[in-house]
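Okay, structure first, notes after.
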Amino acid sequence: MCCTMRYWDHAIFSIAVVFYIQGELKRKTLEDLDKYVIKQPKLPGFLDYLHHSGSKVFLVTNSDYSYTERLLTYMFDLPGQSKPWKSYFDYAIVDARKPLFFQEGSMLREINEETGSLKIGIFTGNLQKGKVYSGGSSNVFCSLTGAHGKEILYVGDHIFGDIIKSKKEQAWRTFLVIPELTKEVAVWESTSSLYTKLQNLEFILAEMFRTTEKMQMMTKLPEISALRKEIKETARAMEQNYPSKLGSLLRSGSRQTFFANQATRFADIYSSSCLNLGNYPMHFLFRAPHQLMPHEQPTSEGLNSPGPIPASLNMKIVGQNMICIDHDLDEEVDNGQCFDLESAL
């Protein structure tokens, strides 16, 4: 490599400082809102739906007041819409400095909306609807609103600053917004046959090392290079279907990415948009599917059996130790690929 990791670390940090911390990114956004901001015509109706259901809605953003005012005024400037954006939120906090907001936080102060500057002194009263506040912390917010823990559903798009910290520090319910999910689902549906094939290949690989007694009698390790090559090629074929050059955000071959594991662990719900929540009644109960740990998975015993093949896998046993994979669900198994467990062991 022409450059060290230290060089790239410094370069990326420098770019982040210029574009995000120094406000260059926000300045460019405000110069052309039509280009960079996608309006959501359903957003006002969705927020009204939450209010009519008896819920209170709050906004917590790291952006400063001037940027928030410009952006939300633009987003709520819709045909037939005349109410100001502040009327849709019971509480609004800017300059939250998340994830610090979920820890010790900062001084809570009220915004002077005429000048956009901070009012002098620490705010100590009750939070009022239509007012905008700066800073504070999640502890102060919960104390002033009287809502705690699972009574709050927090929606955010940053896995660490929004989801992990709010879950760990306050035990809030969490809703992770993953905009890329729409494309992920489309690619997943179109490559389901490749994933099935990948499952089949990894099932065979596991079977080669499953039987303890045969492993003890082996004089050499099984020949698995061809099988591993086929697994890599299948995983690569899946990755090439994703629009990003980095592949899938949620999956690497048959395994979940670290981001996907974090989303599964810390997000109670995830979706491509929070507006999708409007398709369900507010009393709807979301339940995650049951997951088995490795020691709870069904096991197979015996020397001469390669073990039970899940019904969902497109595989057939030919003879006693030969497993064949059909690459095309509509073709005969002869057009697929076979691996001899006996010769492999």
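The values are calculated or read from the model by the stated rules, or taken from the named source; none is laboratory data. Everything quoted here is computed from the prediction, not taken from an experiment. All Cβ positions, glycine included, derive from the backbone under ideal geometry; neighbour counts span all protein chains shown. Please note that ligands, DNA and RNA were not included when accessible areas were found on the heavy atoms of the full protein model with its side chains. Shrake-Rupley method; radii C 1.70, N 1.55, O 1.52, S 1.80 Å.
Accessible area, 1.4 Å probe, largest first: how do R210, R6 sort?
Values: R210 90, R6 195 Å².
The ordering from most to least exposed comes out as R6, R210.
Please list, in chain and number order, the residues 5+ apart from S117 or on another chain whose amide H is under 5 Å from its amide H, with Hs placed from the backbone.
N112
Relative to the compact-globule scaling 2.2 N^0.38 Å, provide the ratio for the alpha-carbon radius of gyration of the stretch 18-75.
1.36
Under the Karplus relation 6.51 cos²θ - 1.76 cosθ + 1.60, θ = phi - 60°, what is the ordered set of whole-Hz ³J(HN,Hα) values for the stretch 228-244, x standing for Gly and Pro?
Residue by residue, the stretch 228-244 yields 5, 5, 5, 5, 5, 5, 5, 5, 5, 5, 5, 4, 5, 7, 7, x, 7 Hz.
With every protein chain present, what accessible area does I12 have (1.4 Å probe, heavy atoms only), rounded to the nearest 10 Å²?
Looks like 110 Å² after rounding.
At what distance in nm do the modelled label points of L292 and N126 sit from each other, each positioned 7 Å from its Cα along Cα→Cβ?
5.4
Give me the one-decimal nm value for the distance between modelled label points at D157 and D34, 7 Å along each residue's Cα-to-Cβ direction.
Result: 2.2 nm between the two label points.
Quick one: accessible area per residue over the stretch 91-163, 1.4 Å probe, rounded to a whole number of Å²? List each step's numbers first, then the result.
Values: 3780 Å² over 73 residues.
It amounts to 52 Å² per residue over the stretch 91-163.
Over 5 Å intervals from 0, what percent of Cα-Cα pairs in the stretch 29-151 sits in each interval?
2, 10, 19, 22, 20, 15, 9, 3, 0
Give the cross-link partners of K220 among the lysines, using a straight C-alpha distance below 30 Å as the criterion and excluding same-chain residues fewer than 8 apart.
The reachable lysines, counting only those whose Cα sits under 30 Å from K220, are K197, K229, K232, K316.
Arrange the residues I224, I93 by how much accessible surface each exposes, largest first, with a 1.4 angstrom probe.
Accessible-area ranking of I224, I93, largest first: I224, I93.
Could you pull out the pairs from K28/K56; K98/K129; K35/K168 whose alpha carbons sit more than 25 Å apart here? Before the final figure, lay out each step's value.
Working: K28/K56 33 Å; K98/K129 22 Å; K35/K168 36 Å.
Beyond 25 Å between Cα atoms: K28/K56; K35/K168.
Taking θ = phi - 60°, what integer Hz values does the Karplus form 6.51 cos²θ - 1.76 cosθ + 1.60 yield along the stretch 172-179, in sequence order, with x for Gly and Pro?
So the Karplus estimates, Gly and Pro as x, are 6, 5, 10, 10, 8, 8, 10, x Hz.
Which whole number in µm²/s is D for the stretch 113-158 by Stokes-Einstein, with the Kirkwood Rh taken over Cα pairs at 10 °C and 1.306 mPa s?
On the way: Rh = 12.7 Å.
For the chosen part, D equals 125 µm²/s.
Please list, in order, the residues from the stretch 127-159 whose amide nitrogen is less than 19 Å from a point placed 7 Å along the Cα→Cβ vector of A171.
The answer is 138-155, whose backbone nitrogens lie closer than 19 Å to the label point.
For the stretch 151-167, what does the Karplus curve 6.51 cos²θ - 1.76 cosθ + 1.60, with θ = phi - 60°, yield as ³J(HN,Hα) per residue in whole Hz, taken in order and with x for Gly and Pro?
In residue order, the calculated couplings are 6, 10, 9, 9, 9, x, 10, 10, 4, 8, x, 9, 7, 5, 5, 5, 6 Hz.
Any idea of E31's accessible area? Nearest 10 Å², probe 1.4 Å.
E31 exposes around 110 Å² with every protein chain in place.
Using 0.36 nm per residue of separation minus the Cα-Cα distance, give me the extension gain between S254 and Y49 in nm, one decimal.
Full extension from S254 to Y49 adds 69.9 nm.
I'd like the accessible area for V155, computed on protein heavy atoms only with a 1.4 Å probe and all protein chains in place. Round to 10 Å², please.
60
So how do H51, H290 rank on accessible area, 1.4 Å probe, biggest first, that is with the largest at the start?
Working: H51 45, H290 180 Å².
Per-residue accessible area, sorted high to low, gives H290, H51.
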